[in-house]
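Take a look at the structure set out below.
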Amino acid sequence: MLTAFAIVTDGLVYAAYLFLVAVGLTLIFGVMKILNVTHGSFYAFGAYGAATAVGIYWDRGLPDAGGFLFMVLLAMAIGLVIGLILERGILRLVYGKDEVVIVLVTYAVFLILEDVITLIWGPRSYAAYQPMVAAGNVDVGNLTLANYDIGLVVLAALLAVLSFFALKRTRFGRLLAVVIFDRETAAAFGVNVTVVYTITFAIGAILGALGGAVMAPKISVTLGIGVEVIVLAFAVVAIGGMGSVEGALVGALIVGICRAAAVHLVPQIELFIIYGVMALVLAFRPYGLFTRAQPRKI
Amino acid sequence: MSAILSVRDLEKTFGSIVAARDITVDIPPQQRVGIIGANGAGKTTFINMITGYLKPSKGTVRFEDRDITGHSTREIMRSGISRSFQVAQIFPSLTVFDNICAAAAIARGPAGTLGHALRPLRAPETMAEADAAIELFQIARYRNTRAATLPQGVRKLLDIAMAVVGWPRLLLLDEPTSGISIEEKFALMDVVMTALKSRQMTVLFVEHDMEIVSRFADRVLAFYDGTVIADGPPDVALSDPRVQTLISGTKVAKAESAHV
Amino acid sequence: MATRANLVGAVCFILLAAIAPALPGWFLSLTTIAFANALVVLGLIILWRTGLVPFGQALYYCAGAYTVALLARWFKVSDAFVLIILGGVIAGLIAFLIGFLLARYREIFFAMLSLALSMILYGVLVKTESLGSTDGFSVEPPTFLGWAPHGQALGFALYWLVLAVCAISAVLVSAYFRTAAGALAVPIRDNEIRVEFLGVSVNRLIHIKLVIAGTLGGFGGALGAMTIGHVDPAMSYWTTSGGFVFVTILAGAGSVAAAFVGSLVFEIVRSIAVDVLPGFWQLILGSVLLLTILFLPEGLGSIATRFRRSKEPAT
């Protein structure tokens, strides 16, 4: 019973993490058909930025709430700036080329940014535990939960709700849905696809950085965190369906719970359970769980 | 063998949509059949079921007295049936010659064996076949042109040539003149039909231009709402009041059935 | 033309073998590893021509490497020839099994599924204590039909072995490209539906290509394991696959030679970058990759093709 509860709580926290890192990626893929490897860089920049913010802000006697805010905002700002530079500077040179070619371009940029991060922050690792400690714990039954983790789950849920609302109710959200469906037709109807692309990429970058920022207090911020996160985000997006926010949510939940179950019950499969689930889902639903059927070609 | 193609009670549904139903038709060898009907009437569905791209929900298809219902496209293409496409399906990065060579190389010899797969692509016989097809369809001028840069008419001819190079006995042409200007439609069909006649093929072609149908078809199948509403020689089928109301729209003057 | 390329290639391989004693040890080692990687890249090129970009070829490299390491450790097999063959066979078998699923996918989904499968192997290996987990374990130096060289002689032996395997693979793959099955790669990439409608099972052809690429990857991994003397799960990590893809872009998928020239250039550039500018080597690599994609989309090999085309009379 305790194990089941632990699995659910651990699963939810991990799912929150996965959703936060995957939602930006799936958005960019859905709208721009780009599988953005630099998403890992946004995550890393967000984490490093947050760590720096924590270092600057905490332990000065300033209110904790401000710290959380500063950490998140700084990271998002970094994400925005880098995202815009990337999109306007490099990506727009390769729009229209083969999908896979664009992926490789983002892979190249990712490699470059890995070293840029090292140039700025050096090879040492950063600890930014203060926000996590400051948030405190709560006891639920026999389990002790970190308030920060609960906050993560709430944040992810809020983000999910916000995304649904934004996509379905706002004008820009509906424009996005149209462009996701058929870019050429949208352009023919007067949608400024170039602007939509830039804004989408910026949003994706901000979300990626946000993911890194909120995870910074839980991990050791060091070289290579981007590398790990990308494949995880890919897996969630592939399971859920590229371009589907609901898919990212469901995918994150499935993988989160499965992984938590593995950790508690069969630790040996913990590392590859996510890719196993991905392979399994893809075997039956090649395009992921939530995508529309492909139209007839001939 | 009386009929080269025999279709019985063919039906195709997609969920609640009935794309085709109650299609029963016998086609004798070397007949040229024009298939007419509005878009969505079931013509391409019919062709797709015969060529294995779609599996019929009900009914049977027999070719040369063999049941080919539900067989894979690949098997059916290997049995002596071939098709061309509404939008020409060619290999854009290859030249016209290489396009037909690829088709010819695949067509020669038994399928699926290792020996077949490991033969060289540009064997002399294969290249000779390709050149013969190019002559037949009068596109020699474009022999070494990259297919991506071809004018529409030549693309369609290439598309058909690739279908024909394997000497099929039954050929299905899906809107061979679509996208071609009115002045060029007849010329194109002339070339195609002459070429096909020389190889003694049975031809089914989907066409929207009633004059072309009158001129080049021995028989007309009129589709409406998923089923065949008229079946007969062009002058009879095209004067059918239902056909005129639902499909051709106007009374078609009796065109000269100058059979090529 | 095909036979002329074969002749040039043969001369190159013989020259490379002959100058071995004149080469400094580190360069010999670098070339050996580069050519072992080239085999994986050769497999990638076969798939690339068909329009498929696998992001998980490291799976076969790793499988070949661990096969060699385990055979040496558990079964005391030490003969290099036996090890290579078994490395390739096991990797090829894995490719054959995976192929039933993978051959049905295209484009991004093909890339992602192949990535997922390679990460599964990674996850399994990391969590397996008996295989050394993240540390991996070492590989005993191989013997060559009874001869057990050490030191410099071992370096030569591995170098010549790699060259021999590469030469044979190059000849076989070149021949494959001229057959119908190999030459249909471009039509499949251009218009798969049409190929299917001509009567060919595209999935089956792709399945075969997957097996060939997997086997080549296994040979590469086997040779890599013997040369490096160590295996670890990182051999199956996605960044390893990324490296192979990188080389393919750099070299271009236009010819068999591209795999070998590209791998060698890549290893040299990487070595120089890591040596001269250790904090910047990823930046350099990434920039090279970016520039190649933007300005030389067909890779370095396209320079040779353009040169050749401008000399041919117009037909």
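Only the coordinates and a few stated rules stand behind these numbers; no lab work does. What you see is a predicted model; the values in this text were computed from it and never measured. Using ideal geometry, Cβ is built from the backbone for each residue, glycine included, and neighbour counts are taken over all protein chains shown.
Within region B:216-242, can you find the residues that are under 17 Å from the mean Cα position of the chain (by Cα) and either under 24 Å from B:Leu158 (Cα atoms) or buried (at least 17 other Cβ atoms within 10 Å of the Cβ) (or both)?
Those that are under 17 Å from the mean Cα position of the chain (by Cα) and either under 24 Å from B:Leu158 (Cα atoms) or buried (at least 17 other Cβ atoms within 10 Å of the Cβ) (or both): B:Phe216, B:Ala217, B:Arg219, B:Val220, B:Leu221, B:Ala222, B:Phe223.
Show the residue pairs that are 6+ apart or on different chains and have beta-carbon atoms under 9 Å apart, the first residue being within region A:32-61 and acidic (Asp, Glu), the second being part of a helix (DSSP H, G or I) and surrounded by fewer than 24 Cβ atoms within 10 Å (Cβ to Cβ).
Hits for this filter: A:Asp59/A:Gln130.
Can C:Lys76 be described as among the basic types (Lys, Arg) and more than 10 Å from chain A (Cβ to nearest Cβ)?
Spelling it out, C:Lys76 is indeed among the basic types (Lys, Arg) and more than 10 Å from chain A (Cβ to nearest Cβ).
Could you check how many residues of region C:10-59 are under 21 Å from A:Val103 (Cβ atoms) and of a type in the set (A, V, I, L, M, F, W, C)?
12
Tell me yes or no: at least one residue of region A:137-145 is in a helix (DSSP H, G or I) and touching a residue at least 40 places away in the same chain (Cβ under 8 Å).
There is no residue in region A:137-145 that is in a helix (DSSP H, G or I) and touching a residue at least 40 places away in the same chain (Cβ under 8 Å).
If you go through region A:117-125 one residue at a time, do you hit one that is within 8 Å of chain C (Cβ to nearest Cβ) and touching a Lys or Arg at 6+ places or on another chain (Cβ under 8 Å)?
No; the residues of region A:117-125 include none that is within 8 Å of chain C (Cβ to nearest Cβ) and touching a Lys or Arg at 6+ places or on another chain (Cβ under 8 Å).
With the requirement that a residue be in a strand (DSSP E or B), surrounded by 22 or more Cβ atoms within 10 Å (Cβ to Cβ) and of a type in the set (A, V, I, L, M), what does region B:28-63 give you?
Selection gives B:Ile35, B:Ile36, B:Val61.
Which ones in region B:119-133 are closer than 22 Å to C:Val186 by Cβ and surrounded by fewer than 22 Cβ atoms within 10 Å (Cβ to Cβ)?
Listed by number, the residues that qualify are B:Arg119, B:Pro120, B:Leu121, B:Arg122, B:Ala123, B:Pro124, B:Glu125, B:Met127, B:Ala128, B:Glu129, B:Asp131.
Can you pull out every residue in region B:14-26 that is outside any loop (DSSP other than H, G, I, E, B) and either under 14 Å from the mean Cα position of the chain (by Cα) or over 21 Å from B:Asp67 (Cβ atoms) (or both)?
Hits for region B:14-26 are B:Phe14, B:Ile17, B:Val18, B:Ala19.
Kindly establish whether B:Thr13 is touching a residue at least 24 places away in the same chain (Cβ under 8 Å), surrounded by 15 or more Cβ atoms within 10 Å (Cβ to Cβ) and of a type outside the set (Asp, Glu).
When the stated conditions are applied, B:Thr13 does not pass them.
Yes/no matrix, rows are residues, columns are (1) crowded, with 20+ Cβ neighbours inside 10 Å; (2) farther than 22 Å from B:Gln30 by Cα; (3) within 12 Å of another protein chain (Cβ to nearest Cβ); (4) in contact (Cβ under 8 Å) with a residue 12 or more places away in the chain:
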residue: B:Pro92; (1), (2), (3), (4): no, yes, yes, yes
residue: B:Phe137; (1), (2), (3), (4): yes, no, no, yes
residue: B:Arg141; (1), (2), (3), (4): no, yes, no, no
residue: B:Val165; (1), (2), (3), (4): yes, no, yes, yes
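With the structure loaded, tell me whether C:Gly92 is touching a residue at least 60 places away in the same chain (Cβ under 8 Å), within 14 Å of chain A (Cβ to nearest Cβ), touching a helix residue (DSSP H, G or I) at 6+ places or on another chain (Cβ under 6 Å) and farther than 28 Å from C:Ile268 by Cα or whether it fails that test.
no
Within region A:248-261, how many residues are away from chain C (no Cβ under 14 Å) and surrounded by 24 or more Cβ atoms within 10 Å (Cβ to Cβ)?
Summing the residues that are away from chain C (no Cβ under 14 Å) and surrounded by 24 or more Cβ atoms within 10 Å (Cβ to Cβ) in region A:248-261 gives 4.
Hey, does region A:93-115 have a residue that's under 25 Å from A:Ser220 (Cβ atoms), more than 9 Å from chain C (Cβ to nearest Cβ) and touching a helix residue (DSSP H, G or I) at 6+ places or on another chain (Cβ under 7 Å)?
no
Looking at (1) surrounded by fewer than 16 Cβ atoms within 10 Å (Cβ to Cβ); (2) within 14 Å of chain A (Cβ to nearest Cβ), can you tell me which one C:Thr240 breaks?
Exception for C:Thr240: condition (1).
Just to be sure before I move on: is A:Leu27 within 18 Å of the chain's Cα centre (by Cα), part of a helix (DSSP H, G or I) and surrounded by 24 or more Cβ atoms within 10 Å (Cβ to Cβ) in the structure I sent?
Yes, satisfied.
Give the residue, chosen from A:Met76, A:Met132, that is more than 14 Å from every other protein chain (Cβ to nearest Cβ) and within 30 Å of C:Gln282 (Cβ to Cβ).
That would be A:Met76, the only listed residue that is more than 14 Å from every other protein chain (Cβ to nearest Cβ) and within 30 Å of C:Gln282 (Cβ to Cβ).
Return the residues of region A:36-57 that are outside any helix (DSSP H, G or I) and in contact with a Leu (Cβ under 8 Å, 6 or more places away or on another chain); say none if nothing qualifies.
Of everything in region A:36-57, those that are outside any helix (DSSP H, G or I) and in contact with a Leu (Cβ under 8 Å, 6 or more places away or on another chain) turn out to be A:Asn36, A:Thr38.
For the subset of region C:167-188 comprising residues that are over 24 Å from C:Gly220 (Cβ atoms) and under 21 Å from the mean Cα position of the chain (by Cα), which member is farthest from the other protein chains (Cβ to nearest Cβ)?
By that ranking, first place goes to C:Val186.
May I ask you to verify whether B:Val87 is more than 14 Å from chain C (Cβ to nearest Cβ), β-branched (Val, Ile, Thr) and either part of a strand (DSSP E or B) or closer than 21 Å to B:Val213 by Cα (or both)?
Judged against the criteria, B:Val87 is not a match.
Please find, among B:Asn48, B:Asn39, B:Asn99, the residue that is within 12 Å of chain C (Cβ to nearest Cβ) and over 26 Å from B:Ala130 (Cβ atoms).
The match here is B:Asn48.
How many of the residues in region A:200-236 are farther than 14 Å from A:Leu25 by Cβ, aliphatic (A, V, I, L, M) and within 14 Å of chain C (Cβ to nearest Cβ)?
Selection size over region A:200-236: 3.
Scan region C:193-205 and report the pairs whose first residue is facing chain B (nearest Cβ under 7 Å) and farther than 15 Å from C:Leu101 by Cα and whose second residue is assigned to a loop (DSSP other than H, G, I, E, B) and of a type in the set (Gly, Ala, Ser), with Cβ atoms within less than 7 Å and a gap of 6+ or a chain change.
Sorted first by the residue in region C:193-205, then by its partner, the pairs are C:Gly199/B:Ala111.
Restricting attention to region C:122-166, which residues are hydroxyl-bearing (Ser, Thr, Tyr), more than 30 Å from C:Ile14 (Cα to Cα) and more than 14 Å from chain A (Cβ to nearest Cβ)?
Within region C:122-166, C:Ser138 is the sole residue that qualifies.
When you scan region C:165-192, how many residues do you find that are touching a residue at least 60 places away in the same chain (Cβ under 8 Å), of a type in the set (Gly, Ala, Ser) and either in contact with a strand residue (DSSP E or B) (Cβ under 6 Å, 6 or more places away or on another chain) or surrounded by fewer than 21 Cβ atoms within 10 Å (Cβ to Cβ) (or both)?
Of the residues in that region, 2 qualify.
Among the helices (runs of 4 or more DSSP H) contained in region A:186-298, which hold 1 or more residues that are touching a residue at least 60 places away in the same chain (Cβ under 8 Å)?
Counting at least 1 such residues, we get A:193-215, A:225-240, A:245-265.
Any idea which of (1) assigned to a helix (DSSP H, G or I); (2) closer than 30 Å to C:Arg49 by Cα is the one A:Gly96 doesn't satisfy?
Of the numbered conditions (1) assigned to a helix (DSSP H, G or I); (2) closer than 30 Å to C:Arg49 by Cα, the odd one out for A:Gly96 is (1).
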